[in-house]
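Encoded as structure tokens, the structure appears first; notes follow it.
The values are calculated or read from the model by the stated rules, or taken from the named source; none is laboratory data. As the structure is a prediction and not an experimental result, all values here were calculated from the model. No Cβ is skipped: glycine too gets one built from the backbone with ideal geometry, and neighbour counts run over all protein chains shown. Just the protein is used for accessible areas: all its heavy atoms, side chains included, with ligands, DNA and RNA removed. Shrake-Rupley method; radii C 1.70, N 1.55, O 1.52, S 1.80 Å.
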Amino acid sequence: MARSQLEESMSPITERFLTLADVEEQIAKFEGKYGVSTIEFLKNPALRAEMYDDEIFQWESYEAHREELARLDEELRGKYLHRVRPQIDQSLQPIQNNNLALAA
Amino acid sequence: VPPLPAPLDYSKFRAWADKNYDNLKIPEDCVQLRPLVITPVSPRVWSLEWWLQFGSDKYVRVAERYGRFPGLADLCRRDYFAYHYGQMVNVTDEGLAGFKSSDPVDIRIDNGCAPAHLHFGSPQPHHSQSAVKGLVLNELDMFTFVKGIFHHRKTQKPLDEVFGFRIE
């Protein structure tokens, strides 16, 4: 069935994009609601038994997403520093030479 | 439903999901409480949720999370999945069916607290793969599950026949 024929009863798949700040905000909401850290939540079966399955899934997913976003952030920072480092070194070189000249 | 492509990444998964979603025929008594929403984080990490309600009493909940394969950062796998069909007994603040593990269940296949297992007709026991013949639990995908529920409701065929398993 073509998507257009389904519009009355279905919505197309939607995507939701979250930043690291969004994810950390959602994790903080869960931590505030249940009064425990994410680490405690992950290690506490008694707490999990009292929660709705969907909340457990969402909290675990936000934590997995946070780890991935932090990893990507770190990768990006590493690549950036790798590219700018030679430029910084080059820009420092004349200053060092000037300082040596001045010292002489 | 064609199998998920392998090796998997988000673009392949999304193309597979779009194709299957577009081919889905939603029954008249079914409302999507929450349409299929995917949260893509990277080509290797994403999650999704999907809620369907039938009439006023039964619902399907689909939840999946994909992540990097441990030790093989460029490969990913389905880390978590839960396909649930059963009676609505709780409603969350969001107006969705709130499921707790002690709630009644018609069928639920998940890997939430153990390797992929089956709940059939009641929350307990968990039927591990070794007790379930005719269906590879870990290979079931969300569209096959949802279509199976549609078929069961339309034909009244028992769920074990629809999904082709027996418990030993």
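What to note about this one:
- Taking Cβ atoms as reference points and 13 Å as the exclusive limit, the residues near residue B:123 contribute a net charge of -2, counting Lys and Arg as +1 and Asp and Glu as -1.
- Compared with the dominant principal axis of the Cα atoms in chain B, helix B:10-22 is inclined by about 30°.
- Formal net charge of residues neighbouring residue A:52 (Cβ-Cβ distance under 12 Å; K, R +1; D, E -1): -3
- Net charge, residue B:100 excluded, C-beta distance under 14 Å - Lys, Arg +1, Asp, Glu -1: -3
- Alpha carbon centroid spacing (whole Å) that separates region B:101-139 from region B:1-40: 22 Å
- In region A:54-88, the residues whose accessible area drops by at least 10 square angstrom when the other protein chains are added to the isolated chain are A:54, A:57, A:58, A:60, A:61, A:64, A:65, A:68, A:69, A:71, A:72; the probe is 1.4 Å and only protein heavy atoms count.
- Accessible surface computed residue by residue for region B:5-49, with neighbouring protein chains in place and a 1.4 Å probe, gives 42 Å² per residue.
- B/A buried area, accessible surface, summed, 1.4 Å probe, Å²: 3000 Å²
- Percent RCO, i.e. relative contact order, over region B:26-116, from Cα pairs under 8 Å lying at least 6 residues apart: 20 percent
- Within the accessible area of chain B (1.4 Å probe), percent carbon and sulfur: 53 percent
- Heavy-atom surface of region B:55-168, accessible at 1.4 Å and reported per residue (Å²): 46 Å²
- Peptide A:14-23 has a mean of 3 when you count, residue by residue, the C-beta atoms of other protein chains within 10 Å of its C-beta.
- Annotation: lysines with alpha-carbon distance below 17 angstrom to residue B:154 (same-chain offsets under eight excluded): B:25, B:58.
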